[in-house]
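Shown next, in structure tokens, is the structure this report addresses.
The values are calculated or read from the model by the stated rules, or taken from the named source; none is laboratory data. Because the structure is predicted, anything quoted here is derived from the model rather than measured. Cβ placement follows ideal geometry from the backbone for every residue including glycine, while neighbour counts extend to all protein chains displayed.
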Amino acid sequence: MIFERSLVREFVNTASAIFIALLTIVVTIALVRVLGQAAAGQVDNGAVLALIMFAALNNLPVLLQLTVFVTILLVMTRSYRDSEMVVWQSSGLGLQRWLRPVLRFVVPVAIAVGATSLFVAPWANRQSSEFKARFEQRTEVSRVAPGQFRESSDGSKVFFVEGFDPSTASVQNVLVNTIRAGKISVIVSNTGLVERQPNGDEFLVMNNGRRYEGTPGKPDYKVMEFERYAVRIESKSPDFSNDDSAKIRTTMDLIADGTPRAMGELVWRIGLLLSVVALAVLAVPLSFLNARSGRSANLIVALLVYFVYNNAMNVVQSWTSRGRIGFAVAWWLVHAVVLVIGFTLLAWRNRVPRSFGSRLRGLLPARPTPAA
């Protein structure tokens, strides 16, 4: 049908523009956050682009979900605003005829949301976690951003280096501030080198420097010069296999686990898929536009409904993770309620304009009957 093909084409064009806008916002926010972490020495500078990509993939299901909802609202609201819907309903056709092109547009997007939420997003979360864990296992000195102070993992040392060469593990103009037994020790050196011992311990070996040691407020400071001084560096190796974060676990692992926490995460992933269809059905009656109420009144109501729906999904996920509700009910409960509300509003909106169209046709003059 020409109407359905043109409507699906308009859905696709509008959705492309909305998705690009939303993706740009998400990538910009991720860029600011990751660059801030890199500047603070919390993530590797070389992994910035990868972490941004992983953040975008993690948010992709929600972006697609919101894109579908906003697209249907905007396209159908335009039909009301341009009086196309009045002509459509005055011809005796109801809103239910819009469901077929809407679902033709939504089903491929829902499949994409299911694939990303069940498989791609967990993989992206795990890759991001591994990037950060590999950075954390590096020596404390190598994690110091040149020109910045960096606290050790146990809080007993503060490092500052003006330059670091990862290929030779050498540092330039290094400062180490250590607090032990109430005494402050400050070590400065022009050059240094990170050395690994046979037992796995790592030391920062500084050459031709000075050490200042004493207690604040007391005149017992000591100044010592040295040719070679070693400071032990604490380093830990990450264990990815024991990571219990549900967000980075695969869907098959969650199903095999069966714990409330795993089932809660599974409820959220399945919910993103079902919510796309539920929001598409709900958007059809919510797109009704009354010219007297303003051009954006229905959009404000629709967005409020969207936030309530997403919060309800979060609540059900939390209840499932805590064992308050079983998975057999949690994965479909909220979406079934939204679908019932959507079809109820659709039937109500479909009945009201039809009665209006009947009254409108009654006011028009009758067509003359052709002579026999």
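Within the range 223-257, which residues are within 23 Å of Arg180 (Cβ to Cβ), modelled with pLDDT under 85 and either out of contact with any strand residue (DSSP E or B) (no Cβ under 8 Å at 6 or more places or on another chain) or among the charged types (D, E, K, R) (or both)? Scanning the range 223-257 gives Arg232, Glu234, Lys236.
Among residues belonging to the range 172-185 that are touching a residue at least 24 places away in the same chain (Cβ under 8 Å) and in contact with an Asp or Glu (Cβ under 8 Å, 6 or more places away or on another chain), point out the one that is farthest from Glu213 (Cα to Cα).
So the first thing to find is which residues in the range 172-185 are touching a residue at least 24 places away in the same chain (Cβ under 8 Å), and the list is 174, 176, 178, 180, 182-185.
Subset that is in contact with an Asp or Glu (Cβ under 8 Å, 6 or more places away or on another chain): 174, 183-185.
Numbers: Val174: 17, Lys183: 7, Ile184: 6, Ser185: 4 Å.
Step by step, filter the range 172-185, then rank; the result is Val174.
Is it fair to say Thr320 is over 24 Å from the mean Cα position of the chain (by Cα), modelled with pLDDT of 90 or more and assigned by TED's automatic domain parsing to the domain that holds Arg81? In short, no. Could you list all residues from the range 126-150 that are acidic (Asp, Glu) and modelled with pLDDT of 75 or more? Within the range 126-150, Glu130 is the sole residue that qualifies. Might you let me know whether the range 181-189 holds any residue that is in a helix (DSSP H, G or I), over 17 Å from Ala230 (Cα atoms) and at pLDDT below 80? No: the range 181-189 contains no residue that is in a helix (DSSP H, G or I), over 17 Å from Ala230 (Cα atoms) and at pLDDT below 80.
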